[in-house]
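The values are calculated or read from the model by the stated rules, or taken from the named source; none is laboratory data. Given the structure is predicted, the values throughout are model-derived calculations rather than measurements. Cβ placement follows ideal geometry from the backbone for every residue including glycine, while neighbour counts extend to all protein chains displayed. Just the protein is used for accessible areas: all its heavy atoms, side chains included, with ligands, DNA and RNA removed. Shrake-Rupley method; radii C 1.70, N 1.55, O 1.52, S 1.80 Å.
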Amino acid sequence: GSVVASYPYDDSPTHRPTGVYSKSADDEVFRYLAKAYASHHPIMRTGKPNCPGEEGETFPDGITNGAQWYDVEGGMQDYNYVWANCFEITLELSCCKYPPTSELPKEWENNQESLLAFIEKV
């Protein structure tokens, strides 16, 4: 896990594991929506999630193009965009995929304003 808003495309023509910016036709819209979420999140907006084992990983403005972060061939985010014209972003909300129950109130607090800002945009 991480703390970042990721947007299409997750797949790239070269299928390199990482580092390829795979721009969609609606790249500006996706960046706008991802940034709307990230800018209201106290950790995400820093671009430095500081996850254990990935302390050096950074995301400018708390957002990333999926394929630039890591290539995912056949992902739902890209499939839904290409075949159903559905605009999706992926929200990585925690360094831990399954945070303990005791951390959920803090996660809600971290994400509440982001969720409201995102809903207002869409």
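If you check Glu113, Glu103, Glu107, which single one turns out to be touching a Ser or Thr at 6+ places or on another chain (Cβ under 7 Å), over 17 Å from Asp27 (Cα atoms) and either at pLDDT below 95 or not hydrophobic (A, V, I, L, M, F, W, C) (or both)?
Glu107
Can you name every residue in region 87-106 that is over 16 Å from the mean Cα position of the chain (by Cα) and of a type outside the set (Lys, Arg)?
Within region 87-106, Tyr98, Pro99, Pro100, Thr101, Ser102, Glu103, Leu104, Pro105 qualify.
In region 27-50, which residues are touching a residue at least 40 places away in the same chain (Cβ under 8 Å) and closer than 16 Å to Ile89 by Cα?
Val29, Phe30, Tyr32, Leu33, Ala34, Ala36, Tyr37, Ala38, Ser39, His40, His41, Met44, listed by residue number.
For the structure I just gave you, tell me whether Glu103 is open to solvent by 90 Å² or more (accessible area, probe 1.4 Å), farther than 14 Å from Val4 by Cβ and part of a helix (DSSP H, G or I).
No; evaluated as a whole, the condition is false for this residue.
Which of (1) within 23 Å of Lys48 (Cβ to Cβ); (2) of a type outside the set (D, E, K, R); (3) touching a residue at least 40 places away in the same chain (Cβ under 8 Å) does Pro100 not meet, given it meets every other one?
(3)
Looking only at helices (runs of 4 or more DSSP H) that lie completely in region 1-88, which have at least 1 residues being surrounded by 19 or more Cβ atoms within 10 Å (Cβ to Cβ) and of a type in the set (Ser, Thr, Tyr)?
Result: 27-38, 76-84.
Inspect all residues belonging to region 64-83 and state whether any of them is more than 20 Å from Arg16 (Cβ to Cβ) and among the small types (Gly, Ala, Ser).
Scanning region 64-83, I find no residue that is more than 20 Å from Arg16 (Cβ to Cβ) and among the small types (Gly, Ala, Ser), so the answer is no.
Are any of the residues in region 65-84 touching a helix residue (DSSP H, G or I) at 6+ places or on another chain (Cβ under 9 Å) and under 19 Å from Glu113 (Cβ atoms)?
Checked against the condition, which is being touching a helix residue (DSSP H, G or I) at 6+ places or on another chain (Cβ under 9 Å) and under 19 Å from Glu113 (Cβ atoms), region 65-84 yields no hits at all.
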